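The values are calculated or read from the model by the stated rules, or taken from the named source; none is laboratory data. Being a predicted model, the structure only gives us computed values, none of them experimental. Quick reminder, even Gly has a Cβ in these numbers, built from the backbone with ideal geometry, and neighbours come from all protein chains shown. Surface accessibility is based on the protein's heavy atoms, side chains included, excluding ligands, DNA and RNA. Shrake-Rupley method; radii C 1.70, N 1.55, O 1.52, S 1.80 Å.
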Amino acid sequence: MTDSTTTATATAIDDASHIEKLYEFGERLNESKDKSQNVKDYQGIMDAAKTSIKAKQLAAQLIPRFFKFFPELSSQAVETQIDLIEQEELAVRVQAIRGLPLFCKDTPEFLSKIVDILVQLLAAEEIVERDAVHKALMSLLRQDVKASLSALFKHIGTVEEPSTDELIREKVLSFVREKVFPLKGELLRPQEEMERHITDLIKKSSEDVTGAEFRMFMDFLKSLSIFGDKAPSERMKELVGIIEGQADLDSAFDVTHVSDTDHIDRLISCLYMALPFFLLPEERKLDLLKALAEISPFTLPPDSRQILPSVVQLLKKYMPRRKSGEEMNFTFVECLLYAFHHLAHKAPNATNSLCGYKIVTGQPSDRLGEDFSEFYTDLTERLSSVEDLTRATMKKLTQGMAEHNKAMAAAKTNEAKDSIKTQKQNTTTGLRTCNNILAMTKLLHSKTPSFIGDKSVNLSWKEVAKPSVPSTTVQAGGKRPAAAANGSGNMAKKGQGAGGLQNQLVNRALEGISYGGRGGPRGRGRGRGWGGRGRGRGRGFWRHLRVGATSSLSSTKSRAKRSKMWSRQPPLAYA
């Protein structure tokens with residue numbers, strides 16, 4: 001008999017011995033009425049986890065099975081199970097992962113820690129290993145959905161506690177989207193309580209997401225029964241409030257800076273979602289419409305095509321018919337007309353089915369064979385009514401300006417002069433609003449209108465830009481300098497598939513969510529933490545998950561202070 005044969009025989013005997021001992025430990029624990037007295041047997045199981053492969057597999061089943069009876073050994077038991085998860089042998093790792101949910105079955109205080117461990121394993125390379133992780137997480141969700149969801153969303157992060165690992169965050173989002181959301185009817189029980197809980201978790205996480213992720217969350221929230229068709233209006237207002245907060249309407253927005261792509265993309269995505277609701281208070285409606293007007297020159301054609309229907313509906317709402325006696329909000333109409341022009345300039349034939357125009361691009365979307373003449377008649381009637389009201393209002397404002405001038409000459413005190421000066425400024429703004437409305441409506445009466453796509457109309461609340469010599473030049477056909485604020489010029493405050501659009505001014509915030517990851521910088525100003533989990537990782541990989549240990553990971557986040565975006569002048573509204 002050779003030395004190698006002798007060694008193999010001895011190893012097999014040792015393996016059999018370890019397995020036999022494990023079965024003995026397990027049998028004594030099963031038969032014991034007071035298992036807590038069998039400390040040596042449980043310790044023997046953990047010791048055997050350091051021996052042969054088959055012994056490790058069996059130990060990975062026995063350690064969590066009897067875990068609850070030995071609280072004094074809980075830290076050691078979890079450490080041993082983690083050691084098994086780190087083994088090179090796939091079969092051992094998978095068996096150890098399958099045993100993790102048992103740690104929480106009768107000891108729920110360990111659930112958050114076990115979820116943390118499983119979340120790290122979502123990046124596993126082997127399919128069978130990832131499948132075991134998914135099943136273990138689903139088992140925990142069925143055990144305690146509230147605690148499990150809270151532990152999962154912790155890895156998505158919030159503004160106050162951002163995620164420290166980009167790759168893991170991606171994996172958690174993918175798991176939530178693909179595994180949790182589709183089973184909401186089964187998992188979210190009791191329904192109203194758990195729907196409210198996951199709504200609160202999403203609201204916290206949505207403060208720091210990409211446009212695509214935000215749309216995913218909002219689509220899910222709208223599918224919940226608490227926000228369904230029979231939900232009270234307060235619930236719809238809650239959704240709008242979430243959208244409004246994400247749009248950050250009070251934050252300073254400078255359209256002259258390419259680096260402001262994050263704000264542009266966020267506004268595009270949020271405006272698209274908010275316009276169909278439009279349940280905001282009047283002042284916030286004005287903020288929203290001003291944001292829409294300012295952002296419209298920077299939208300891409302696909303975005304413009306999606307937003308246009310909502311803009312046309314709002315135009316119909318705020319542009320009264322002839323002799324209807326309706327009040328008209330001139331500032332609202334200015335915002336909507338400006339947005340309509342710039343959006344239609346990017347997707348002109350979309351207005352054929354919305355407004356009854358006859359714009360020919362040669363594309364099937366022209367829909368020239370269909371009859372939309374009723375829409376055209378309605379629109380032109382409203383345009384004419386708006387023009388009549390605007391001219392009448394301009395006459396009143398001009399007369400008022402003359403009266404202001406007389407009053408200023410007669411004013412005796414500084415207080416009186418300041419009051420008259422404010423009235424004159426408001427009147428001037430009102431005249432600018434009226435002039436803008438007339439300039440924009442005049443072009444829309446034709447069956448084949450010309451849409452404004454340049455800066456020929458300056459919004460009434462914006463200062464007229466003074467010509468200046470640019471510090472840098474961009475040659476015709478050239479690209480603008482890449483944005484530096486977020487490390488790259490594409491959106492996705494955690495985004496989806498932006499790819500080649502990195503150097504565009506605006507990236508598509510309205511794209512569907514792909515399954516391959518996010519496509520651009522998040523507004524958090526952090527770089528991508530991409531990495532992979534190889535088989536040769538050391539114990540340090542799990543150090544921050546050990547029982548009783550705290551994470552050594554840290555992250556910082558700088559948020560620009562909010563400043564008012566627009567002056568709070570009341571919108572013009574005349575009967």
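Here the spin labels are modelled as points 7 Å beyond Cα on the Cα-Cβ line, and at Ala231 and Gln423 they lie 4.7 nm apart. Here Glu282 and Ala123 are evaluated by their C-beta separation; at R0 = 60 Å the FRET efficiency comes out at 0.80. Length available on full extension from Gln399 to Lys135: 0.36 nm per residue minus the Cα-Cα distance, which gives 87.5 nm. Per atom type, segment 151-195 shows carbon and sulfur on 46% of its accessible surface, probed at 1.4 Å.
Counting only protein heavy atoms and a 1.4 Å probe, segment 86-238 has 41 square angstrom of accessible area per residue.
Rounded, prolate or oblate: pick one for segment 12-136, where a ≥ b ≥ c are the square roots of the eigenvalues of its C-alpha gyration tensor, a/c under 1.5 means rounded, and failing that, prolate if a/b is larger than b/c, else oblate. Note, shape of segment 12-136 comes out oblate. Cross-link partners for Lys50 among the lysines, with Cα-Cα distance under 30 Å and sequence neighbours closer than 8 places in the same chain left out: Lys21, Lys33, Lys35, Lys40, Lys68, Lys105, Lys113, Lys135. If R0 is taken as 30 Å, the Cβ-Cβ distance between Glu89 and Glu27 corresponds to a FRET efficiency of 0.75. Protection proxy ranking, highest mean first, for peptides 328-335, 175-182, 215-222, 412-419: 328-335, 215-222, 175-182, 412-419, where packing is the per-residue count of other beta-carbon atoms within 10 Å, averaged. A Cα-only calculation for segment 388-428 places Rg and Dmax at 11.5, 39 Å. Shown in residue order for segment 333-343 are the 3J(HN,Hα) couplings computed by the Karplus curve 6.51 cos²θ - 1.76 cosθ + 1.60 at θ = phi - 60°: 5, 4, 4, 5, 5, 4, 5, 4, 4, 6, 5 Hz (x for Gly and Pro).
Scalar couplings 3J(HN,Hα) for segment 228-238, obtained by applying the Karplus form with A = 6.51, B = -1.76, C = 1.60 to θ = phi - 60°, are x, 4, 8, 5, x, 4, 4, 5, 5, 5, 5 Hz; x denotes Gly and Pro. In order along segment 445-460, the phi-based Karplus estimate (6.51 cos²θ - 1.76 cosθ + 1.60, θ = phi - 60°) of 3J(HN,Hα) comes to 7, 6, 5, 10, x, 9, 9, 6, x, 10, 9, 5, 10, 9, 4, 4 Hz; Gly and Pro are listed as x.
For segment 304-443, the fraction of 1.4 Å probe accessible surface lying on carbon and sulfur atoms is 51 percent.
So, in Å, what gap is there between the alpha-carbon centers of segment 93-108 and segment 27-54? What the calculation gives is 17 Å, centre to centre. Per-residue extension of 0.36 nm, minus the Cα-Cα distance of Ala407 and Gln43, leaves a gain of 121.5 nm for this segment. Of the solvent-accessible surface of segment 1-147, computed with a 1.4 Å probe and all protein chains present, 52% belongs to carbon and sulfur. Take the alpha carbon gyration tensor of segment 319-436, find the square roots of its eigenvalues, order them as a ≥ b ≥ c, and report rounded if a/c is under 1.5; if not, report prolate when a/b exceeds b/c, else oblate. The shape class here is prolate.
The length gained by stretching the chain between Lys316 and Thr448 to full extension, at 0.36 nm per residue less their Cα-Cα distance, is 45.6 nm.
Solvent exposure of segment 343-430, expressed per residue, is 56 Å² of accessible area, with all protein chains present and a 1.4 angstrom probe.
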